[in-house]
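Notes follow the structure.
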Amino acid sequence: MVQFTPELLILLIIDAAGGRLRGKTLLHKRGFFVCLGLEYDTTGYNAHYYGPYSPTIDATLGRMKALGFIDERSEGFGRVDRVGFEWRRYEFTLTQDGRKILSRYEQQLPEVVNAVREYLQRMERAGDDGDYVALSIAAKIFYILHSQQKPMTYSEICNTAQKLGWDIASEQIDQAAQFLKRMNLVKANKPQKTEE
């Protein structure tokens with residue numbers, strides 16, 4: 001099991017994106033999959049609007065912004081969600097101080113840093129192209145399958161998703177299943193489209 005801090009995880013996810021990452025959802029989902037793949041404790045991840053979400057990662061992100069390790073920019077889309085909040089896209093950039101902190105981690109924990117970087121590269125090879133919606137669907141499906149601990153049909157996955165407040169169309173399941181199989185997170189064949 002690889003141990004790392006939420007700070008290191010955030011720094012490495014942003015660094016792997018070239019020092020600039022667009023999207024809080026993308027940050028959370030990449031963090032979720034890295035924690036799974038490296039067997040880091042993911043119990044802090046809860047079902048949320050856009051899939052598994054970590055309050056710890058969110059709080060750490062806020063602290064890192066306050067300390068000047070990360071710059072955050074956001075832009076509104078002019079749309080409002082069902083709760084009444086405006087949709088916003090966030091962009092996170094490593095600052096000079098953030099790069100210095102990352103450099104210290106690289107010197108102190110090279111095995112951990114390399115393990116996280118390699119896992120992020122593996123995700124990219126498996127199909128993570130920065131599409132936060134696709135990664136969010138894959139995270140939701142894994143979350144559902146993991147919580148149910150049984151093979152499920154398309155219909156069962158979609159129904160369970162609805163109970164969690166998530167909208168997953170059956171055609172999105174195929175793409176997510178392929179990503180999860182390439183990441184060795186599921187072993188099952190493609191879920192059945194029809195119930196018998």
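Given the Cα-Cα distance of VAL133 and HIS146 and 0.36 nm per residue of separation, how much length would full extension add, in nm?
Details: separation 13, 0.36 × 13 = 4.68 nm, distance 1.97 nm.
Extending this stretch completely gives an extra 2.7 nm.
Using alpha carbon centroids, what distance separates region 165-183 and region 131-155, in Å?
Centre-to-centre (Cα) distance: 6 Å.
On a straight-distance basis, which aspartates and glutamates could pair with LYS140 in a cross-link, Cα separation under 20 angstrom, same-chain partners fewer than 8 positions away excluded?
Partners found: GLU39, ASP41, ASP58, ASP81, GLU124, ASP128, ASP129, ASP131, GLU156, ASP167, GLU171, ASP174.
Just to confirm the number: angle between the C-alpha axis of helix 6-16 and the first principal axis of the chain, 0 to 90 degrees, nearest 10?
90
Would you work out the relative contact order for the chain, in percent, from Cα pairs under 8 angstrom that are 6 or more residues apart? Walk me through the numbers on the way to the answer.
On the way: 254 pairs, mean separation 44.7, N = 196.
Relative contact order comes out at 23 percent.
How much length would be gained if the chain were fully extended between GLU39 and GLU72, taking 0.36 nm per residue of separation minus their Cα-Cα distance, in nm to one decimal?
Additional length available on full extension: 9.0 nm.
Once you've got the GNM for the chain with C-alpha springs shorter than 10 Å, pick whichever of ARG22, ARG125, ARG117 has the biggest mean-square fluctuation.
ARG125
Report Rg(Cα)/(2.2 N^0.38 Å) for region 9-64, keeping two decimals.
So the Cα radius of gyration is 1.05 times the expected 2.2 N^0.38 Å.
How much FRET efficiency would the formula 1/(1 + (r/R0)^6) give for GLU111 and ASN46, where r is the Cβ-Cβ distance and R0 is 22 Å, rounded to 0.05? Let's see the in-between values first.
Values: r = 30 Å, r/R0 = 1.34.
Efficiency, rounded to the nearest 0.05: 0.15.
Explain nothing, just compute: Karplus ³J(HN,Hα) = 6.51 cos²θ - 1.76 cosθ + 1.60, θ = phi - 60°, for every residue of region 173-179 in order, whole Hz, x for Gly and Pro.
Along region 173-179, the couplings run 5, 4, 4, 5, 4, 5, 4 Hz.
Once the Cα atoms of helix 96-108 and of the chain are each reduced to a long axis, what angle between those two axes, in degrees from 0 to 90 to the nearest 10, is obtained?
Helix 96-108 and the main axis of the chain meet at about 80 degrees.
Would you mind checking which residues have amide H under 5 Å from GLY130's amide H? H placed 1.01 Å from N; only 5 or more apart, or other chain.
Here nothing satisfies the definition.
With +1 assigned to the C-beta of every Lys and Arg and -1 to the C-beta of every Asp and Glu, and no other charges, what is the dipole magnitude of region 6-182 about the Cα centre in debye, to the nearest 20?
With Lys and Arg at +1 and Asp and Glu at -1, about 120 debye.
Which value, in Å³ per residue, describes the convex hull spanned by the Cα atoms of the chain?
120
Compute the long axis of helix 24-37 from its Cα atoms, compare it with the longest principal axis of the Cα atoms of the chain, and write down the angle in degrees, 0 to 90, nearest 10.
The angle comes out at about 80 degrees.
Under 5 Å between amide hydrogens, which residues at least 5 positions from LEU67 or on another chain qualify, with H placed 1.01 Å from N in the peptide plane?
none
Taking 25 Å as the cut-off for C-alpha to C-alpha distance, list the pairs among LYS100/LYS181; LYS24/LYS100; LYS24/LYS150; LYS24/LYS187 that go past it.
Working: LYS100/LYS181 36 Å; LYS24/LYS100 23 Å; LYS24/LYS150 30 Å; LYS24/LYS187 29 Å.
Violating the 25 Å Cα-Cα cut-off are LYS100/LYS181; LYS24/LYS150; LYS24/LYS187.
For every helix of n ≥ 4 consecutive DSSP H residues, a contribution of -39,500 (n - 2.57) applies; sum these over the chain, divide by its total residues, and give [θ] at 222 nm rounded to the nearest 500 deg cm²/dmol.
Numbers: 8 runs with 107 residues, N = 196.
Dividing the helical sum by the residues of the chain leaves -17500 deg cm²/dmol.
Every number here is computed from the coordinates shown, using simple stated rules; none is lab data. These figures come from a predicted structure and were not determined experimentally. A quick note on method: Cβ atoms are made from the backbone with ideal geometry, for glycine too, and the neighbour counts reach across all protein chains shown.
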